[in-house]
Amino acid sequence: MRCKSHPEVWALGDCACIPSPEGKPYPNLAQHALREAKTLAGNIHAALEGRPPTPFVYDTLGMMGSLGHSKAFGQLLRVRVYGVVAWFVRRTYYLLQMPGWSRRLRIMTDWTFALLFRADVTKLTLDSEAALLLREVGADTAGRQQAT
């Protein structure tokens, strides 16, 4: 997790390229980033005390993705899931990762309303407002030119 060319630089997160013991980079997933943080904190502490860093080693629990309303896919502990089951598992996992029950309750409420009611889409256009402002500026400019 330490940059070879700049030993004062450390990397972690889903945008860092951290090689696995096999040499392939770990996937850019949040589950890796969360575990990398614990290892990196220990490595920085070890470096400050003059001890060698511990390599990051982690086995992926699985991957999930959403395909829209009530559709998803995933591989969890080598078991493939899809459809409504994957959608429910993904949402449940996401919900359990949220800190605090008040935030979880707010998210569940939002999800419940989204299931019961269709999306409220509103399009605002300011084209007429822009045209009105341009006319006012043009009239004001013309008035100033006549006054001089």
### Task
Return the residue satisfying two criteria in turn: it lies in the range 25-52 and is assigned to a loop (DSSP other than H, G, I, E, B) and at pLDDT 90 or above, and of such residues it is least open to solvent (accessible area, probe 1.4 Å).
50
### Evaluation of residue 105 against (1) hydrophobic (A, V, I, L, M, F, W, C); (2) at pLDDT below 90; (3) exposed (fewer than 13 other Cβ atoms within 10 Å of the Cβ) (one fails), failing number
(2)
### Query
If you check every pair at least six apart or on different chains, which have Cβ atoms under 6 Å apart with a residue in the range 19-39 that is closer than 19 Å to residue 54 by Cβ first and a residue that is of a type in the set (S, T, N, Q) second?
26/20
### Message
Looking at the range 53-63, can you tell me whether even one residue there is of a type in the set (A, V, I, L, M), more than 15 Å from residue 94 (Cα to Cα) and free of Cβ contacts under 8 Å to residues at least 12 places away in the same chain?
### Response
no
### Query
Within the range 2-11, is even one residue touching a residue at least 40 places away in the same chain (Cβ under 8 Å), open to solvent by less than 70 Å² (accessible area, probe 1.4 Å), touching a Phe, Trp or Tyr at 6+ places or on another chain (Cβ under 8 Å) and more than 30 Å from residue 92 (Cα to Cα)?
no
### Count - residues of the range 21-78 that are of a type in the set (A, V, I, L, M, F, W, C), within 30 Å of residue 119 (Cβ to Cβ) and over 19 Å from the mean Cα position of the chain (by Cα)
1
### Query
Pick from 127, 110: which is loosely packed, with under 11 Cβ neighbours inside 10 Å, among the acidic types (Asp, Glu) and modelled with pLDDT of 90 or more?
110
#### Entry: Residues located in the range 62-88, provided they are assigned to a helix (DSSP H, G or I) and either open to solvent by 70 Å² or more (accessible area, probe 1.4 Å) or within 21 Å of residue 28 (Cβ to Cβ) (or both)
84, 85, 86, 88
### Query
List the pairs whose first member sits in the range 90-109 and is touching a residue at least 24 places away in the same chain (Cβ under 8 Å), whose second member is of a type in the set (A, V, I, L, M) and open to solvent by less than 90 Å² (accessible area, probe 1.4 Å), and whose Cβ atoms are under 6 Å apart, counting only residues at least 6 apart or on separate chains?
90/64; 90/72
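The values are calculated or read from the model by the stated rules, or taken from the named source; none is laboratory data. Worth saying up front: this structure is predicted, and the values here are computed from it rather than measured. Glycine also receives a Cβ, built like all others from the backbone with ideal geometry; neighbour counts cover every protein chain displayed. Protein only, heavy atoms only, side chains kept; ligands, DNA and RNA dropped before computing areas. Shrake-Rupley method; radii C 1.70, N 1.55, O 1.52, S 1.80 Å.
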